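The values are calculated or read from the model by the stated rules, or taken from the named source; none is laboratory data. Not measured: the values here are computed from a predicted model. Glycine gets a Cβ as well: all are built from the backbone with ideal geometry, and neighbour counts include every protein chain shown. When the accessible area is computed, the model is the full protein with side chains, heavy atoms only, and any ligands, DNA or RNA have been set aside. Shrake-Rupley method; radii C 1.70, N 1.55, O 1.52, S 1.80 Å.
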Amino acid sequence: MISARSRGLMAAKMLMKGTAARMGVMKRVSLVFKAKANKALDKMEDPRETLDYSYQRQLELLTKVRRGVADVATSRKRVELQMNQLQQQSNKLEDQARKALGMGREDLARGALERKASAQGQLNDLQVQYAQLQAEEEKLTVASQRLQAKVDTFRTRKETIKATYTAAEAQTRINEAFSGISEEMGDVGMAIQRAEDKTAQMQARAGAIDELMASGALDDAVGGQRDDIQSELDMMSASSDVESELSRLKGEITAGAPKQLEGGANGNSQGAQAPQAGAQAPQGQAQPASIPAADRPAEPQDGEG
Amino acid sequence: MIVRISGEGQFSIDDAATAELNRLDSELEAAVNRNDEAAFTAALHGLLDQVRAHGSALAADTLEPSDLILPPEDASMDEVREMLTEEGLIPG
């Protein structure tokens, strides 16, 4: 058995040095897995110790893979939350565009629709990520179930070996039990690593989207942040409120005016009208009419000279 | 013969099907050697499909080691290179 183990290591070392070039990918990958298993076996003095040691490692790995499933699920839920936020945002922007159009503000409507397109783009991207995370979660769940089944078998066999065989006899049995489970452990370990890498990538992107939403580039509807399209719409409706308020007040004043005039406020009333006429003058008809009149005499003069 | 698809599970395969597996494996290796990602992906998927089509899944609770191990379906060429030469796995 020791010689078999050494052979495994030798083959592994050979492939490291590139002397196993014609071995094929399948064989080389399995040799790497075997080398890993053999390395763990080599650590133990009494082969039966490897049983308890390995079983402990198996339980640790089971915990790790379950945590991996939970981590991926957390990431998936985060993406789901962002998708909901972006969908709300997209709906809100469409509403704003509709309102803006209703008020005859095509420019605002265009701005809102541009943002909607951007939100929609992010949303499509997240849908792809969501599907990937879901697949990853399922894969790890199945891996965890498979490992659990193998760990159960191993535990049974471990007890049989410990009870039945002497240290010398046990080695063969242990190797048989051990090689299968360590291969599974190596594989599950790799699956967890891959899932972690993918999750980390997606978390980075999710963070970027959070930042984007916080910056207002997509406008954060949920956060209730300042929103310039909304504030302009608000301003427009506010100013129309102001206008109606103004005309209401004007109406009141007009209705009340005769009473004030009777009270000898004639001079005041004229005084108030005079500055108004003066203020309107620059924009009004009176002054432009007078300016050409003043200019006209100058033109013939220039022409003559 | 028992073949594992990494991340997917173990399959038992008739020896009759191994010739085709070896051919596809050579393609896979050649693609890695000449750094051809597209050919690599095609060969890998061909290999995995062959195993799935001709193999029968082993029970989850078996402790049989595999004769051959294949990279996972979504593995990149760089990842496979890493699997083959990963430092720390093998001392020396």
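Consider the range B:68-82. How many of its residues are small (Gly, Ala, Ser) and facing chain A (nearest Cβ under 10 Å)?
Total satisfying the criteria: 1.
I'm trying to understand the selection: among the residues of the range A:147-192, which are touching a residue at least 40 places away in the same chain (Cβ under 8 Å), within 20 Å of B:Ile2 (Cβ to Cβ) and among the aliphatic types (A, V, I, L, M)?
Across the range A:147-192, the qualifying residues are A:Leu147, A:Val151, A:Ile174, A:Ala177, A:Ile181, A:Met185, A:Val188, A:Ala191.
Among the residues in the range A:110-132, are any in a helix (DSSP H, G or I), within 11 Å of chain B (Cβ to nearest Cβ) and either farther than 30 Å from A:Asp71 by Cα or of a type outside the set (Lys, Arg) (or both)?
Yes.
Within the range B:66-86, is even one residue at pLDDT below 90, open to solvent by 50 Å² or more (accessible area, probe 1.4 Å) and among the hydroxyl-bearing types (Ser, Thr, Tyr)?
Yes.
If we keep just the residues of the range A:54-77 that are hydrophobic (A, V, I, L, M, F, W, C) and closer than 17 Å to A:Gln193 by Cβ, which is most open to solvent (accessible area, probe 1.4 Å)?
Within the range A:54-77, the match that is most open to solvent (accessible area, probe 1.4 Å) is A:Ala70.
Go through the range B:10-49 residue by residue and tally those that are surrounded by fewer than 19 Cβ atoms within 10 Å (Cβ to Cβ) and either among the aromatic types (Phe, Trp, Tyr) or under 14 Å from B:Glu73 (Cβ atoms) (or both).
Result for the range B:10-49: 5.
Quick check on my filter: what residues within the range A:79-90 are surrounded by fewer than 20 Cβ atoms within 10 Å (Cβ to Cβ) and touching a residue at least 60 places away in the same chain (Cβ under 8 Å)?
Answer for the range A:79-90, where residues must be surrounded by fewer than 20 Cβ atoms within 10 Å (Cβ to Cβ) and touching a residue at least 60 places away in the same chain (Cβ under 8 Å): just A:Gln88.
Before we move on, is A:Gly223 more than 14 Å from every other protein chain (Cβ to nearest Cβ), open to solvent by 30 Å² or more (accessible area, probe 1.4 Å) and at pLDDT below 80?
Judged against the criteria, A:Gly223 is a match.
Only one of A:Asp197, A:Asp187 is in contact with a Phe, Trp or Tyr (Cβ under 9 Å, 6 or more places away or on another chain) and among the acidic types (Asp, Glu); which?
Testing whether each residue is in contact with a Phe, Trp or Tyr (Cβ under 9 Å, 6 or more places away or on another chain) and among the acidic types (Asp, Glu) leaves just A:Asp187.
Determine whether B:Thr41 is of a type in the set (Val, Ile, Thr) and within 19 Å of A:Gly24 (Cα to Cα).
yes
Scan the range A:154-184 residue by residue and report those that are out of contact with any Phe, Trp or Tyr (no Cβ under 7 Å at 6 or more places or on another chain) and within 21 Å of A:Lys36 (Cα to Cα).
Across the range A:154-184, the qualifying residues are A:Ala170, A:Gln171, A:Thr172, A:Ile174, A:Asn175, A:Glu176, A:Phe178, A:Ser179, A:Gly180, A:Ser182, A:Glu184.
Out of B:Ala39, B:Ala57, report the one residue that is more than 9 Å from chain A (Cβ to nearest Cβ) and touching a Gly at 6+ places or on another chain (Cβ under 9 Å).
B:Ala57
Take the residues of the range A:193-220 that are modelled with pLDDT of 80 or more and acidic (Asp, Glu): which is farthest from B:Ser6 (Cα to Cα)?
Of everything passing the filter in the range A:193-220, A:Glu211 is farthest from B:Ser6 (Cα to Cα).
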